[in-house]
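Enquirer: Handing you this structure, nothing more for now.
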Amino acid sequence: MSIPTATRNLDPRQFFIQQSQANRPKHSFATNPTQDFSQWKIHALPEVLKTLGNTPTSCPANPQLISQWQEDQLIKERWLIDVQDGLSAVVLIYRPAEIADGKQLPAILCCHGHGDFGKDTIMGLAINDEQAQDIRAHHSDYGLQLAKSGFVTYSFDFMGFGERDPRRKPAYFAGYWERDACNVNYLCASLLGMSVLGSNLHDASVITDFVCQQAYVDSANLGVIGLSYGGTVSTWMMLYDDRFKASSVSCYVGPFHAIGFERYDICGSQITNGLYQLVDVADLHGLIAPKPLLLEVALQDRVFEIDAVIQQHLPELKAIYDAAGASEQLTIDLFEGDHRWHGKITADFFRQHLT
């Protein structure tokens, strides 16, 4: 019997890890860090956005105010809005209760991460012990905290979360319980030439259209913030919708090789087809330049390993902002803690840049 001279492999996971190690993204800024930033962005950004797939079909918003109440010195509203042909979303909008006549305030889109509660915990709604514990564990009520700091804040459930998760109805599509909703939705969207991420970005823009129509909103000063998957969306929102001026991204950091292949801390809501052939995550963050970016990095993050962040992601990102002549627009907050929102400088960051 002859013995193969080369090692054979039957493990698909090892195969993909090897493919990832060999991958060299087409628009990786790190491969040519002396290149002209403007030319890099001109060529990279359209190709990156193209990976989002077919644009969802728009429709009239038909906004309906469901409820309004005053609490925490804020006026809080719950709206139902049509975001696509055949799809709606519930939106929470908070604003300070006392706003001078004619005064307009900056507005911040608050993006939630994975979990059972979607927008609710982001906006500080803790109607039971589970929600209260979720807020304590991840310090995730930034929608509420930023509204208390004087901003208009708004949030909605991404596809497959909160009130847009069919698993909230126990008798509905029972087989769904055993599947990751992000991945199921990704498969369905892919069959139609779409992406879950592209759908969520579209919905966020439609909702932002409505928010900007409110008399108390300064539509020239929009920000976006998110933790974890919310950090993914708050990254992409800056690339997708030019109206947004500044972004705070918490705990979405690190190279795709570590996130998607070595640790598999990724899902169908976070990716687009062929994205890693074009860019790495540091490039996505870098495409925000020269606009302001606050990047929160948890030193004990159990999702995004700090070694890859420190050794690769942050140096690559800093190089891009330097090349853009915008090094002062990049703020990196390294903090002691796990996968959570830090929030120590967030309000000041938005006060500085949303003016």
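What follows draws every value from the coordinates through simple rules; no lab data is involved. It should be emphasised that the depicted structure is a prediction, and the values quoted were computed from it without experimental measurement. When we count neighbours, we look across all protein chains shown, and the Cβ atoms used for this are built from the backbone with ideal geometry, even at glycine.
Enquirer: Sorted by packing (mean other beta-carbon atoms within 10 Å per residue), highest first, where do 38-45, 252-259, 98-105 land?
Expert: 252-259, 38-45, 98-105
Enquirer: Based only on the alpha carbon positions, what is the Kirkwood hydrodynamic radius of the chain, in angstrom?
Expert: On the way: mean 1/r = 0.0475 Å⁻¹.
For the chain, the Kirkwood estimate is 21.0 Å.
Enquirer: Also: Looking at Gln131, Ser199, Gly223, which one has the Cα that reaches farthest to the positive end of the dipole of the range 95-235 (charges on Cβ: Lys, Arg +1; Asp, Glu -1)?
Expert: Result: Ser199, furthest along the dipole toward the positive end.
Enquirer: Between their Cα atoms, which of Lys103/Lys318; Lys318/Lys344; Lys76/Lys344; Lys50/Lys344; Lys119/Lys291; Lys41/Lys119 are more than 30 Å away from each other? Walk me through the intermediate numbers first.
Expert: Values: Lys103/Lys318 37 Å; Lys318/Lys344 21 Å; Lys76/Lys344 24 Å; Lys50/Lys344 35 Å; Lys119/Lys291 26 Å; Lys41/Lys119 32 Å.
Pairs exceeding 30 Å: Lys103/Lys318; Lys50/Lys344; Lys41/Lys119.
Enquirer: Output needed: Cys residues of the chain lacking any neighbouring Cys C-beta below 4.7 Å, sorted by number.
Expert: Isolated Cys, the chain: Cys59, Cys110, Cys111, Cys188, Cys212, Cys251.
Enquirer: Related question: How high is the relative contact order of the range 227-355, in percent, counting Cα pairs under 8 Å that sit 6 or more residues apart?
Expert: 31
Enquirer: Another question about this same structure. Only four residue types carry charge here, +1 at the Cβ of Lys and Arg and -1 at the Cβ of Asp and Glu. Report the dipole size of the range 134-268 about the Cα centre in Debye, rounded to the nearest 20.
Expert: 180
Enquirer: Taking amide H positions as placed in the peptide plane 1.01 Å from N, state which residues far from Leu74 in sequence (5 or more) or on other chains have amide H under 5 Å from it.
Expert: Residues meeting the amide H criterion: Ala97.
Enquirer: Once you have the Cα-Cα distance between Asn273 and Gln104, take 0.36 nm times their residue separation minus that, and quote the gain in nm to one decimal. Let's see the in-between values first.
Expert: Working: separation 169, 0.36 × 169 = 60.84 nm, distance 3.97 nm.
That works out to 56.9 nm of additional length.
Enquirer: Here is a further query. Mean shadow of the range 1-72, computed from the convex hull of its alpha carbons, in nm²?
Expert: With the hull built on Cα positions only, its mean projection is 14.1 nm².
Enquirer: If we count every other residue with Cβ under 11 angstrom of Ala298's Cβ, Lys/Arg +1 and Asp/Glu -1, where does the sum land?
Expert: Spelling it out: positives minus negatives among the neighbours equals -4.
Enquirer: So for the chain, taking the charge dipole from beta-carbon charges (+1 Lys/Arg, -1 Asp/Glu), which of Thr232, Leu105, Ala44 sits furthest toward the positive end?
Expert: My answer, from the dipole projection, is Ala44.
Enquirer: About the Cα centre of the chain, what is the dipole size in debye to 20, counting +1 per Lys and Arg Cβ and -1 per Asp and Glu Cβ, all else neutral? Can you show the working numbers first?
Expert: Working: 27 positive and 41 negative charges, 104 e Å.
Roughly 500 debye, rounded to the nearest 20.
Enquirer: Using only DSSP helix segments of four residues or longer, with each worth -39500 (n - 2.57), what per-residue ellipticity at 222 nm results for the chain after dividing by its residue count and rounding to 500?
Expert: So the calculated ellipticity at 222 nm is -9500 deg cm²/dmol.
Enquirer: Also, I was wondering about something else. Output ³J(HN,Hα) for the range 207-218: one whole-Hz value per residue in order, computed from phi by the Karplus curve 6.51 cos²θ - 1.76 cosθ + 1.60 with θ = phi - 60°, and x for Gly and Pro.
Expert: Karplus-based 3J(HN,Hα) across the range 207-218 equals 5, 5, 3, 5, 4, 5, 7, 6, 4, 8, 9, 8 Hz.
Enquirer: Under the Karplus relation 6.51 cos²θ - 1.76 cosθ + 1.60, θ = phi - 60°, what is the ordered set of whole-Hz ³J(HN,Hα) values for the range 281-289, x standing for Gly and Pro?
Expert: Computed from phi, the couplings for the range 281-289 are 5, 4, 5, 4, 5, x, 5, 5, 4 Hz.
Enquirer: Now a separate question. Would you work out which of Gly268, Thr121, Thr208 lies farthest towards the positive end of the dipole of the chain, given +1 charges on the beta-carbon of Lys and Arg and -1 on that of Asp and Glu, about the Cα centre?
Expert: Gly268
Enquirer: With contacts defined as alpha carbon pairs under 8 Å and 6 or more residues apart, what's the relative contact order of the chain in percent?
Expert: With pairs under 8 Å counted, the relative contact order is 19 percent.
Enquirer: Highest first, please rank the peptides 54-60, 210-216 by the mean number of other Cβ atoms sitting within 10 Å of their residues.
Expert: Details: 54-60: 13.1, 210-216: 15.0.
Top to bottom by mean Cβ count within 10 Å: 210-216, 54-60.
Enquirer: Another question, if that's okay. Net charge within 11 Å of Asn200 by Cβ-Cβ distance, Lys/Arg positive one each and Asp/Glu negative one each, not counting Asn200 itself?
Expert: -1
Enquirer: Among Val196, Val90, Val152, what is the fewest-to-most ranking by other Cβ atoms within 10 Å?
Expert: Final ranking by Cβ density, sparse to dense: Val90, Val152, Val196.
Enquirer: Label points 7 Å out from Cα along the Cβ direction at Arg351 and Ser190: separation in nm?
Expert: Between Arg351 and Ser190, the simple spin-label model gives 4.6 nm.
Enquirer: Can you give me the long-range amide H partners of Ile332? Hydrogens built in the peptide plane at 1.01 Å from N, cutoff under 5 Å, separation of 5 or more residues or another chain.
Expert: For Ile332, the qualifying residues are Leu295.
Enquirer: Give the average over all directions of the projected area of the C-alpha convex hull of the range 161-296, one decimal, in nm². Please list the in-between numbers first.
Expert: Values: hull surface 39.1 nm².
With every direction weighted equally, the projected area is 9.8 nm².
Enquirer: Taking θ as phi - 60°, what are the ³J(HN,Hα) couplings along the range 26-42 by the Karplus curve (6.51, -1.76, 1.60), each to the nearest whole Hz, with x for Gly and Pro?
Expert: 4, 10, 5, 5, 5, 6, 8, x, 9, 5, 6, 4, 4, 5, 4, 5, 4
Enquirer: Further question on the same structure: Relative to the Cα centre, what is the charge dipole magnitude of the range 2-82, using +1 at the beta carbon of each Lys and Arg, -1 at the beta carbon of each Asp and Glu, and rounding to the nearest 20 debye?
Expert: Details: 8 positive and 7 negative charges, 102 e Å.
That gives a dipole near 500 debye.
Enquirer: Just need the relative contact order of the range 1-154 here, percent rounded to a whole number, with Cα pairs under 8 Å and 6+ apart.
Expert: Once divided by the residue count of the range 1-154, the mean separation gives 16 percent.
Enquirer: Any chance you could check the Cα centroid distance between the range 91-165 and the range 266-344 for me, in angstrom?
Expert: Answer, in whole Å: 23.
Enquirer: Of Asp242, Asp265, Asp301, which has the largest mean-square fluctuation in a 10 Å C-alpha GNM of the chain?
Expert: Top of the fluctuation ranking is Asp242.
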